[in-house]
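As structure tokens, the structure follows; a few thoughts come after it.
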Amino acid sequence: MRRTGSRGSVLWCQYIGVILTMIVLSLIVSGCAKKPKPLTRPSLDAPMSFEVAMRMISFDIFAQISNQQKPPKKSLLEKIGDQQNRDENKKSITFATDAVMNADTGEEIELSNQVHKIIATTAANSFPNYSVVEMTSDSINQADFVVIGIVKQEGYNNQDKKLLRFYLSAVDMKTSQVKAHAEVWIANQDLKLQPTPLYSDSPMFIRDDRSEKTIATAQANTGESVDTEYFSTMESNALLAEASKAYDGGDYRLAVDLFGKAAVREDGQVMKTYAGLYQAYIKLGQPAEAEEAFAKLAEIGIKNGTLSVKFLFQVNDTSFFGQPEELTEYEIWLRQIAGKIVESQSCVEISGHASNSGRADYNKKLSDKRAHKIQKQLLGVSAGIAKKTVAVGRGFEENIVGTGTDDSRDAIDRRVEFRVVDCDKL
């Protein structure tokens, strides 16, 4: 019995030895195996249709991230576990997408939803361990990367006719560095860039320091660090994105609540916050609260040095265009702008602008008449600004878009602008 037990022990030890040898050999083979080749990035030099361009640039961003991933050092037991269950041990990486901005106007555009869906679909089809969510106050704290995109009209290959160029960057939420960046040309000549309801309803074009830094981040190259101040506002930006979504979906009470939460944050006191509050209160039929929000909006604009207000005029005329309720809003705007000019002790140039259509001399005269119309309206509110304002017409000298389409795409070119200037130069 003792000899049989001894023989069994020997066989058992031999069996264990064989198993351990197989495991060690497996780990050696695994360690000696060639590293996987980096993913090939697509060529993005030639103009493409919108959907193809979005799929290609999304794949490129994900491929860059994937090629940078390095497996962490692991113990022997962890390596054994990986051999047995490799697929289950893949780390999930979360990307939060911000709304796409039109870099020419500073407005967020409705194409954002379509871009988000294409990015998410690309991840699901080609990068199963990547998940894509919309940026919200909840998702921002769980995200590994924030994806920021913009579109911009630019000349392609030195051609006179401009094409849309799409810029996309993925920012690492731990290091505040741009870990992936790509650009692609879009061939669609008739691609609509309608602003989201929040931006189209806004009383002003709300391009400010925040939007400028968003645009700069989308255009930053791989390896660049994001502006420190801008990166620190990511949570407020996510809250504003959530508030915008509520407004765009018609939930104005939720929008008021979310924009209100942003307003109590120091880094949330930006033009988008108060434009959102103003419009949501208007939709809810609360004019007093709306006027209070517009007052803050005007104050920030003057502090920043400029206000671009959406006064709409009749075609070839200086009369205001709009429904009675819209004209009532103009009274709010004029009242608060006049008040904030007086409070700020600033001097202001009121400049009228026109889109690039028709004769230059005609548009210059028309824009001058409209600027003087606004000045007269302000004087009716507060005679105290008589010596603090000057009205000029710029025609289409200072177009931002310059397409001359006379529709929503170049609406910013028909703005009335209030610029803070040196009082000695009036």
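The values are calculated or read from the model by the stated rules, or taken from the named source; none is laboratory data. These figures come from a predicted structure and were not determined experimentally. Here the Cβ is made from the backbone with ideal geometry for all residues, glycine too, and neighbour counts use every protein chain on show.
Do you know which residues across region 348-399 are closer than 16 Å to Asp413 by Cβ, touching a residue at least 60 places away in the same chain (Cβ under 8 Å) and part of a strand (DSSP E or B)?
Hits for region 348-399 are Ser351, Gly352.
Report yes if some residue within region 382-392 is among the aliphatic types (A, V, I, L, M), more than 14 Å from Leu312 (Cα to Cα), at pLDDT 75 or above and under 34 Å from the mean Cα position of the chain (by Cα); otherwise report no. Spell out the reasoning first.
Of all residues in region 382-392, those among the aliphatic types (A, V, I, L, M) come to 383, 385-386, 390-392.
Checking the rest, the ones that are also more than 14 Å from Leu312 (Cα to Cα) come to 383, 385-386, 390-392.
Cutting the leftovers down to at pLDDT 75 or above gives us 383, 385-386, 390-392.
If we keep only those that are under 34 Å from the mean Cα position of the chain (by Cα) as well, we get 391-392.
Yes, some residue in region 382-392 is among the aliphatic types (A, V, I, L, M), more than 14 Å from Leu312 (Cα to Cα), at pLDDT 75 or above and under 34 Å from the mean Cα position of the chain (by Cα).
Are there any pairs with C-beta distances below 6 angstrom linking a residue in region 128-142 that is part of a loop (DSSP other than H, G, I, E, B) to a residue that is at pLDDT below 95, with the two at least 6 apart or on different chains, and if so which?
Every condition considered, the pairs that remain are Asn129/Lys90; Asn129/Ser92.
Which residues, counting only those in region 210-253, are surrounded by fewer than 20 Cβ atoms within 10 Å (Cβ to Cβ) and acidic (Asp, Glu)?
Result: Glu212, Glu224, Asp227, Glu229, Glu235, Asp251.
Could you check Trp185 against (1) of a type in the set (A, V, I, L, M, F, W, C); (2) in contact with a His (Cβ under 9 Å, 6 or more places away or on another chain); (3) more than 23 Å from Ser131 (Cα to Cα) and say which number it fails?
The single condition Trp185 does not satisfy is (2).
Does region 346-398 hold any residues that are on the phi > 0 side of the Ramachandran plot and surrounded by fewer than 16 Cβ atoms within 10 Å (Cβ to Cβ), and which are they?
First pass over region 346-398, keeping only residues on the phi > 0 side of the Ramachandran plot: 358, 395.
Listed by number, the list holds a single entry, Gly358.
Of the conditions (1) modelled with pLDDT of 95 or more; (2) surrounded by fewer than 17 Cβ atoms within 10 Å (Cβ to Cβ); (3) within 23 Å of Phe231 (Cα to Cα), Tyr130 clears all except one; give me its number.
Answer for Tyr130: the failing condition is (2).
Please find, within region 76-102, the residue that is nearest to Ser58 (Cα to Cα) out of those that are at pLDDT 95 or above and not polar (S, T, N, Q).
The extreme case among them is Phe95.
Given the criterion surrounded by fewer than 21 Cβ atoms within 10 Å (Cβ to Cβ), farther than 21 Å from Phe166 by Cα, free of Cβ contacts under 8 Å to residues at least 60 places away in the same chain and not small (Gly, Ala, Ser), identify the matching residue among Val256, Val264.
Values: Val256 fails: surrounded by fewer than 21 Cβ atoms within 10 Å (Cβ to Cβ).
It is Val264.
Select, from Glu229, Glu299, the only residue that is assigned to a helix (DSSP H, G or I), over 30 Å from Val147 (Cβ atoms) and at pLDDT below 95.
On the way: Glu229 fails: over 30 Å from Val147 (Cβ atoms).
None of the other options fit; the residue is Glu299.
Here is a yes/no grid of residues against (1) out of contact with any Pro (no Cβ under 9 Å at 6 or more places or on another chain); (2) over 26 Å from Gly276 (Cα atoms); (3) modelled with pLDDT of 90 or more:
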| position | (1), (2), (3) |
| --- | --- |
| Asp138 | yes, no, yes |
| Asp144 | yes, yes, yes |
| Asp160 | yes, yes, no |
| Ser176 | yes, yes, yes |
| Ala180 | yes, yes, yes |
